[in-house]
Each structure stands twice: as C-alpha cells, then as structure tokens.
1. Could you run the Karplus curve 6.51 cos²θ - 1.76 cosθ + 1.60 with θ = phi - 60° over region 96-108 and give me ³J(HN,Hα) per residue in whole Hz, x for Gly and Pro?
2. Could you rank the peptides 283-293, 433-443, 300-310 by their average count of other C-beta atoms within 10 Å per residue, with the highest value first?
3. Among DSSP beta bridges lying fully in the chain, give the percent that are antiparallel, nearest 5.
4. Could you list log10 I(q)/I(0) for region 255-310 at q = 0.25 Å⁻¹, which the Debye formula gives when each Cα is one point scatterer?
5. List, in order, the whole-Hz ³J(HN,Hα) value for each residue of region 417-428 obtained from phi through the Karplus relation with A = 6.51, B = -1.76, C = 1.60 and θ = phi - 60°; use x for Gly and Pro.
6. If packing is taken as the average number of other Cβ atoms within 10 Å across a peptide's residues, how do 82-90, 346-354 rank, most packed first?
7. State in Å² the accessible area per residue of the chain; use a 1.4 Å probe, count heavy atoms of protein chains only, and round to the nearest integer.
8. Which order do ASP261, ASP272, ASP174 take by accessible area at a 1.4 Å probe, largest first?
Amino acid sequence: MKTIKYSMYSLFALIMFSCIDKQAHLKVEVYETSASGNKLQKLDKFEATNNSINVQLFPNQEFQTIIGFGGAFTESSAYLLNELSKENRNKILEAYFGKEGARYSLTRTHMNSCDFSLTNYSYASVEGDMSLENFSIDEDRNDLIPMIKDAMLTSKDGFKIFASPWTAPPWMKDNKSWVGGKLLPEYYDTWALFFSKYIDAYKKEGINIWGLTVENEPHGNGNNWESMHFTPQEMTDFVQHHLGPKLEADGKGEVKILGYDQNREGLKEWVDVMYKDEASSKYYDGTAVHWYESTYDYFPDDLQYAHNKAPNKYLIQTEACVDSEIPKWKDDAWYWSKEATDWGWDWASEDQKYLHPKYVPVYRYARDIIGCLNNWVDGWVDWNMVLDTQGGPNWFKNWCVAPIIVDPEKDEVYFTPIYYTLAHFSKYIRPGAKRIGFKNSNDNLMVTAAKNIDDSIVVIVFNEDIKEKHVKLSLGENKINIKISAQAIQTITLVENK
C-alpha cells in the first residue's frame, strides 16, 4: 500500500512539475491601449476568475502570410516633417520606423500629385511627349524622397513600398483635366511606359518600388480631386496588354501589380473580371481595397469572395483614414468617443446612409484590421502618416486625420490614440507571419492571432465594451489569465524560452 501511495505521489509530482516547467518556458507579455489612458502600456499580475472568456489557439492551423502594416508617404506629410525641428522630425520617423516604434513594414506613396499634395503636378508635364523624354521626378526631391530615404535609414528591418497614381497627366485624358475622365486608348502604351520610368527614377534615388496599384479609386471620388476612371474590363485590358508586358519586357516582372484599389463593396464585380481566366489574371499579383464604404462594416463576405476567387493572389488594404474631419488636437477622449463622421454622413444616398453612422475612431481601426485579418487580408495600410491641426495641407481642402498631428508653427507633435492602435499590429505581427486558427467563446470580444517566423505567437484582443473582461488564453497545455480594460485593445505575445 505504501508503495502504491508513493507511486501515485511521484506521478502527481511529475505531472505538476511538467506543467510548471512548460509554463516556465513560455514568456508572456501583454500591452494595452485603452480609453482610460494606457498607451501600449505593458501589463502584468493577472488573476484567475470563474467568468473568463475562453480563447484557444491553434498554431498548426495556418492561413494567409502577412505582408505587413503601415501608412503612406504623401507630399503633405513630407512637407510637414521639413517644417519641424530636426528633433521632432526624427522623433516621428523613429515612432513609425524605429526599433522601439511601430516598425512599419508596408507603405504606400503616390505617383504624380494627389489631394494630399501642395498643388497639381505630373512627372510627364510636356504635352505630346509620347516617349516621355522629359519625364522627371524633380517635384518629389524637396519633400517626398527625403522622407522616404530618412525612413529607410531609420528602419532596421526595412519596409516595402507600393505606389499608386491618382491620374495620368491631363493631356493623356479624354477630358483634358486633372479630375475625372478616362485615359485615351492611344496613350495606353505611353502610360505603361510611365510606370516603368517611375520605377527606374526611384531606383536611381536608392528607393526600390515593391509594387504598384494600377489606379487609385477607379470609380472616381465624386470628381473632387485628381482621379481617372476605369471599368474592371478597361483596367484588365490595360494590365493584360500594356502594363504587364511592358514591365516584363523592361526586366521589372518582379514588381507586384495590384488591381482595383477602391472600396470593398465593389470587390465582386472587379475580381470576376480580373481573375476571369488565366490570360486576364496573368499579370495581376493581387487586389487592393479601401475601407470608405462604411464606418463599421468591414465586408467580410466580399473579402472572402475575393480570396476564394484568387486564393494565391494578394488581398491588401491600401488606404484608410478618419476622413471629412478636422483633427482634434491633444484630445485623446475624442478618439475614444462616438463623434466622428465620414463623407457618407452628409453625402451618401438614402439607401446607403445606414452604412455611415457616427463612430469611434479607435474602434473603427481595431475592428477593421482584425476583421480584415480574419478574412484573408495580407496587409493593411493607413493613409497619411502626418497631418497638421487643420487636417492638411490639402490643395482641395479635403481635411482628414492622421495618427500623428503636428503644429509646425509651435513645433509641437501629438500622437493620437490611432497611432498606438496601429502599432499594436505593426510592431508585433511581422512580415512573413502566418495568421493562425483560434476559438473564441464570446463574440463581443474581437480576436485575431498570428505566428511569426521566429515561432512567437501574437494575439490581438479588442474590447469595445464599457466593462473590463477576463480572458483565459490556451496554447496547448498552457493556460494564461488576462484582464483587458474597458474600451481597450491588447497585444499578447507568447514566446517559448529556449
């Protein structure tokens, strides 16, 4: 009897030691941003509770590979950086690209001018120059190129850049205007050459262009600022017979071509044409989407449809912002309150107004990024990195909000809660990570999870409730108790100690 008792005790001790040993080999860190004031604050000392939400991780269930997260280099942002002191300029670049900052890994910029430029301009300004002998990126040399190059020097891991045109120069278009109109068929080859020359010109500056979108918002923008219209078939014809073959012939076949580049509700119509057959899809590397169709709906069915139509192609969110708003200066509470509106609040048609209620900016970002990741999106890119207290400069006065707001006259910088929300993803989910499976027992808590190439696990948890929640996170035999504040987003990292 004594022998049996001893054996049972030894077995119990062995099991307990094994559990403790496994837990000791797992390093857990929790970072929180909340309405109560946390800003990527590291938390610890959580207690178990009987009312926990169960979140179980399945790291062997792998989905899409993550390309990265980030924002856009615009002339407006770059101009503002040049208006600041060197100290504050470097502070912002470090915040976005530095080792201790958000570590942006996927970025966008514009070809020719856009609404967030100081004026209208084109790299091909000489009318009738079919061979683009006068092509020049000199307009970018004062502001845009220095910002990109300084970001490259700041980043230890590097980042990818894709570029988007808002319009061809007016002389190539049927309406001879910066706004609206279509590219004339006789200039299709010239416009394809334009992309190739742009890649070469930026490469001479030491900047490699990873990818291109064919046209920013091909449905137009209400004919307000630079735009050029394509139908799905027109864009596909241009890519299939002009842009793709030109880049391939010029030795640039590795440059990614992303089609569409507008709101998600139009996805089905576009991917049906883009990926109709092998010929139509040959030069498309993926699909680009924006979030402006709704302030709360991230259109999961449309994202799923686009992925299923072309499961081996990229699906990248390429633009998002709090639009049609003048930024609130040093007022964190506003970014956590349901006061923001968007273009659709005033201008959406009656049958679409339900998609555009007032919203909480932080919620919109957290909900959208998590929703996108859980529906096959590979990368997520914000709009301007820096704007001023008016929400510009913007030649059309299309005021918007950026994660970082500056007052160049006073040389002051304001990091909004949006900055920290984005950093919860960009800083911890790194390029090459795989989204992984999970089971969540409470639909009121949004969750996503990914496994980095170093095998570390990252879990993002978003609680928009006005009450704190307790979470029991399970990874194999490991159980981790977490408490998330009311109105908060958390990043939880799980690393096996070796």
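The values are calculated or read from the model by the stated rules, or taken from the named source; none is laboratory data. Quick caveat, the model's predicted, so the values are computed rather than measured. Quick reminder, even Gly has a Cβ in these numbers, built from the backbone with ideal geometry, and neighbours come from all protein chains shown. Just so you know, the surface numbers come from the protein's heavy atoms only, side chains and all, with ligands and any DNA or RNA stripped out. Shrake-Rupley method; radii C 1.70, N 1.55, O 1.52, S 1.80 Å.
1. Per residue, the Karplus-derived 3J(HN,Hα) values read 8, 10, x, 4, 8, x, 6, 6, 3, 10, 9, 9, 10 Hz.
2. Ranking the peptides 283-293, 433-443, 300-310 by packing returns 283-293, 300-310, 433-443.
3. Antiparallel bridges make up about 55 percent of those DSSP assigns within the chain.
4. -0.98
5. x, 5, 4, 5, 4, 5, 5, 4, 9, 5, 6, 10
6. Details: 82-90: 14.1, 346-354: 10.7.
Most protected by this proxy first, the peptides run 82-90, 346-354.
7. 42
8. Details: ASP261 0, ASP272 60, ASP174 85 Å².
Reading off the accessible areas and sorting them downward yields ASP174, ASP272, ASP261.
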